[in-house]
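Reading through the structure tokens given below for one structure.
The values are calculated or read from the model by the stated rules, or taken from the named source; none is laboratory data. Everything quoted here is computed from the prediction, not taken from an experiment. Cβ: placed from backbone, ideal geometry, glycine included. Neighbour counts: every protein chain shown. Only protein heavy atoms, including side chains, enter the accessible area calculation; ligands, DNA and RNA are left aside. Shrake-Rupley method; radii C 1.70, N 1.55, O 1.52, S 1.80 Å.
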Amino acid sequence: MHNPVTVEVTRGNRVESRHRGMAVVVDGDGRIVFQAGDVEAGVFPRSACKAMQALPLVESGAAEAFGFGHSELALACSSHSGEEAHVALAASMLSRAGRDETALECGAHWSSDQKTLIHQARTLEKPGCLHNNCSGKHSGFVCACVHQGIEPAGYVEYDHPLQAEIRAIMAGLTGAVLDADHCGTDGCSIPTYAVPLTGLARGFANMATGRGLQPLRAKAARRLIEACMAAPFYVAGTGRACTKIMELAPGRIFAKTGAEGVFCAVLPEEGLSIAVKAEDGATRAAEAMVTALLARFLGRDSEAGAALMVMANRSMKNWNGRHVGDVRVTDALFL
């Protein structure tokens, strides 16, 4: 099945590039209300599913035991920019569990925020694991292990008890088969599983509504979704799409990006869940797709919908500030 062109990029009066994609929207009962492309194709959610991976942190009682609030839980679901506040909060989470940066197994990289990167380059010899965009998630993993009396060492491995727990949780939420045959290794070294795009959307619908979930899981899922919406800076960072989207309509949108063109979002009040995948892995295409679909189901004439459409159809300027083209979504997302 050929996926439709969902995003075009223009230069002058011509289309310079085209992005094909898959997109699906499901309601609270998991019924498909919109689809484009091969939505049953298996995709690696990558970081888009971090809220699912954070469920053991809350369900185990670790979050409550260590006094975590909205900011810490949002960071546990984050792909943050490595800004000072992100790094400090991840360190604080570990400290409350009696651990430090040496417990992290995510690897190290510089900040993705240019201003922060320049500061780091001037003041640090090299970045540490706390600067990794996944350090919040990994700090949550370590805290969940410590609280449950599980040895954290090796927590990134497929056979570690924590990863087995996460695998079972995600299988239950998405309805997908998650085993070694569907498994790859994510950028931060934990297992990542190929799931149908529809399964990914249904998993977030289940988290948002709590339908079909045991009370403990439903409560934990709701707490994580609410934490991300309440503290969007800690989900991503300055100028980042996830943060900007959630700030446009406080408390009404949950949004989380993943690598290689994956993006998920939830409209809790409307009971709708969205999952998109840009076939070529382009972030700009995934961002345009998810914001357009959010606008569609919030109403393009609403204040939030209009602001989202501005994000979906955005102008491109060169280094001199001259308008050179546009990123724009196609009618494939509105049929």
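What to note about this one:
- Some residue of segment 20-30 being touching an Asp or Glu at 6+ places or on another chain (Cβ under 8 Å), outside any loop (DSSP other than H, G, I, E, B) and under 30 Å from residue 323 (Cβ atoms): yes
- If you go through segment 263-282 and pick out every residue that is in a loop (DSSP other than H, G, I, E, B), open to solvent by less than 30 Å² (accessible area, probe 1.4 Å) and either over 22 Å from residue 326 (Cβ atoms) or of a type in the set (D, E, K, R) (or both), you end up with 1.
- Selection within segment 158-178 - touching a strand residue (DSSP E or B) at 6+ places or on another chain (Cβ under 8 Å) and open to solvent by 60 Å² or more (accessible area, probe 1.4 Å): 158
- Only one of the listed residues (71, 81) is among the polar types (S, T, N, Q), at pLDDT 95 or above, out of contact with any Lys or Arg (no Cβ under 8 Å at 6 or more places or on another chain) and surrounded by 18 or more Cβ atoms within 10 Å (Cβ to Cβ). That residue is 71.
- Flag for residue 134 being under 22 Å from residue 225 (Cβ atoms) and touching a Cys at 6+ places or on another chain (Cβ under 8 Å): yes
- Which numbered condition residue 194 fails, given (1) open to solvent by 10 Å² or more (accessible area, probe 1.4 Å); (2) among the small types (Gly, Ala, Ser); (3) in contact with a Leu (Cβ under 7 Å, 6 or more places away or on another chain): (3)
- The set of residues in segment 303-325 that are open to solvent by 50 Å² or more (accessible area, probe 1.4 Å) and not in a helix (DSSP H, G or I) comprises 313, 314, 315, 317, 318, 319, 320, 322, 323.
- Per the listing 204, 233, the residue uniquely of a type in the set (Phe, Trp, Tyr), touching a helix residue (DSSP H, G or I) at 6+ places or on another chain (Cβ under 7 Å) and touching a residue at least 24 places away in the same chain (Cβ under 8 Å) is 233.
- Selection count where residues are open to solvent by 20 Å² or more (accessible area, probe 1.4 Å) and under 21 Å from the mean Cα position of the chain (by Cα), scope segment 283-302: 6
- Candidates 202, 217: the one that is modelled with pLDDT of 95 or more, surrounded by fewer than 22 Cβ atoms within 10 Å (Cβ to Cβ) and in a helix (DSSP H, G or I) is 217.
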